[in-house]
Amino acid sequence: MTTLTETGGAPGPAAVSAALGRAAVRNSAPRCAVLALVAVAATGANLALPLVLGQALDLLLAGDPEGSRRVLWCTGLVVALAVLDAVETVLGGTTDARTTAWLRRRLVGHVLAVGPRAVGRFGPGDLVARLVGNAAQAGTAPTTVAALVAGLAGPVGAVVALWLISPWLATVFLLGAPPLVLLLRALARDSAECVTRYQRAQGRIASGLAEAVAGFRTIAAAGTAARTVARVLRPLPELSREGHRVWRVQGRAAARAAALAPLLQLGVVAGAGVLLSQQRLSVGELLAASRYAVLAAGVGVLVGQLSGLVRARAAARRLDEILAEPPTTYGERLLPPSGQGRLELCGVSVGRGGRTVLDGVDLVVPAGTTLAVVGRSGAGKSLLAAVAGRLTDPDEGEVRLDGVPLRELDRRELRRAIAHAFERPALLGGSVEDTIALGVPRPSPARVREAARSAHADAFVRRLPDGYATPCADAPLSGGEAQRLGLARAFARDCRLLVLDDALSSLDTVTEHHITDALHHTTAAGRLIIAHRAATAASADRVAWLDEGRVRAVGAHAELWRVAGYRELFR
């Protein structure tokens, strides 16, 4: 089985964003329902409090003993509001965390299903920024929607309460309501664009930082740390500009709300005063009306909730761009039991960045033989290795293993049949033994150690502090030792085709000789090796000379060595 690799008509963003939001809400539906009920209960208690308080005041002014009981009701409502607020805070936080975790699981699974194409399009840094930061922001969408619905229920309920006290008071408020609606609409429109640009700038900084961390030794050796910092932080002025723009948009909305809301409240209180002077309203009803006017004009709360929803939707759109990448599809066919690992590339062409990297490649690796692929840098060798193991698909042509096109193979069948080793293997797993056994269906200690011996890794692994149980993070490995662990991982698999993508480049010549000898004697699988050394090419059964994306010649190393251009490849 192959290891994880180290390589490198969709719906519109709005439609996908809405779909992702609905899926997140459905996933958190029970908690969101409870949260909405708690929020509505809190809103109901908030709406009931002015009414009960007003009645208590009227009864106390009239000397009715019932007024004291109404005061106790008011106390109970205040306590209930405090409890509901605490429950809402805890439930909202846990729902946000669960939704964020669900989004991250779904996105990580999708990225792995897409394969190296996802890293090639977005870059590792931007992918991490989306999976960490944007997923956390998008994860707040369900609770924000629930809070926004409850937040809207407050003003609507307050207007209804004003209508019940006096239709004139509700009419006074509604005459000034359209500016509030326009204010919220402008906030949503203006914030969305700023937040999107802000998040994109964050992604570019994350991409630059990931590249700098990966190349820190090169940066230190070249003495270009200052220039690298400047390059990584180049989007910082844009980030600052868009951040300030978001604050200005929200600040203007809050300022306008702060100016408009008191005017509406004053209009309602003035109207209530007139009705009181005409004895059409009691003192308690005036108190309740003044409080309902405050609740009805509570745009400040809605501004904050709406801003949170805008940020969540903008983050969801960035996650949608990942989900819009179609995953690699697989067939249902199985390999013939009699097959021994014959690989065929028929008219394979692959383009990258507007350039044809592989152009009509025809190659055959007979079962049980070794084909070394050589060529200058940029000739397309690693891309050919990726196509051979279906880490990427050709734009044209077909790749077959034992006569079956790779696209038609069942996923498990494909990954069992082809194993890879890379120039810089990812040492995944809790320990060295777990790393070697990664992907092996039923690994055993004996099989792991046999594979390590074939890769000439057993000796240095035994010298580690805890031997095969040493955590990889604590193992002081050189580049060559890491490559040998990657080779051992490939040798541990019972595969039909072994693809070595420059997996011998960090080995000394003696170790390389031993390993290439083991390749011929320990496995009957077909072998495709990306080679840079003459000794590696000489040990292969045949050599394919790749030149500018085309196969220039195929033959034994000794035959090709007579050609001056071939000899130049190794000088």
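The values are calculated or read from the model by the stated rules, or taken from the named source; none is laboratory data. Quick caveat: nothing in here was measured; it's all calculated off a predicted structure. Counting neighbours? That spans all protein chains shown, and the Cβs are built from the backbone with ideal geometry, glycine included.
What to note about this one:
- In region 114-179, counting only helices (runs of 4 or more DSSP H) that sit wholly within it, the ones holding 1 or more residues that are β-branched (Val, Ile, Thr) span 116-122, 124-129, 141-165, 167-175.
- Selection of region 425-449 for residues being under 20 Å from Leu477 (Cα atoms) and either charged (D, E, K, R) or in a helix (DSSP H, G or I) (or both) yields Val432, Glu433, Asp434, Thr435, Ile436, Ala437, Val448, Arg449.
- When residues of region 543-571 are limited to those that are part of a loop (DSSP other than H, G, I, E, B) and out of contact with any strand residue (DSSP E or B) (no Cβ under 9 Å at 6 or more places or on another chain), the one surrounded by the most Cβ atoms within 10 Å (Cβ to Cβ): Trp561
- Tally, over region 377-398, of residues that are of a type outside the set (Asp, Glu) and outside any loop (DSSP other than H, G, I, E, B): 9
So that you can scan it fast, the table gives a plain yes or no per residue for (1) surrounded by 18 or more Cβ atoms within 10 Å (Cβ to Cβ); (2) in the same structural domain as Val195 (by TED's automatic domain parsing); (3) at pLDDT 85 or above:
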| position | (1), (2), (3) |
| --- | --- |
| Ala101 | no, yes, yes |
| Val108 | no, yes, yes |
| Leu112 | no, yes, yes |
| Gly123 | yes, yes, no |
| Val128 | no, yes, yes |
| Val132 | no, yes, yes |
| Ala135 | yes, yes, yes |
| Val145 | yes, yes, no |
| Val149 | no, yes, no |
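- Single residue of region 65-93 satisfying the filter (within 32 Å of the chain's Cα centre (by Cα) and of a type in the set (A, V, I, L, M, F, W, C)) that is nearest to Ala29 (Cα to Cα): Leu91
- Filtered residues of region 251-271 (kept if at pLDDT 80 or above, in contact with a helix residue (DSSP H, G or I) (Cβ under 6 Å, 6 or more places away or on another chain) and among the hydrophobic types (A, V, I, L, M, F, W, C)): Val269
- Contact map, region 360-373: first residue more than 20 Å from Asp502 (Cα to Cα) and not assigned by TED's automatic domain parsing to the domain that holds Asp547, second residue part of a loop (DSSP other than H, G, I, E, B) and among the polar types (S, T, N, Q), Cβ cut-off under 8 Å, separation 6 or more or different chains; the map is empty.
- Positions within region 405-421 being under 27 Å from the mean Cα position of the chain (by Cα), in a helix (DSSP H, G or I) and buried (at least 22 other Cβ atoms within 10 Å of the Cβ), in sequence order: Leu414
- Selection over region 197-223 of residues that are of a type in the set (Ser, Thr, Tyr) and at pLDDT below 80 gives a count of 1.
- Applying a threshold of 6 Å to beta carbon distances and a minimum spacing of six or more residues, or different chains, the list of pairs starting in region 241-254 at a residue that is assigned by TED's automatic domain parsing to the domain that holds Leu309 and buried (at least 20 other Cβ atoms within 10 Å of the Cβ) and ending at one that is modelled with pLDDT of 75 or more and aromatic (Phe, Trp, Tyr) reads Glu242/Tyr198.
- Total residues in region 422-451, condition of a type in the set (S, T, N, Q) and either closer than 29 Å to Val364 by Cα or surrounded by fewer than 24 Cβ atoms within 10 Å (Cβ to Cβ) (or both): 2
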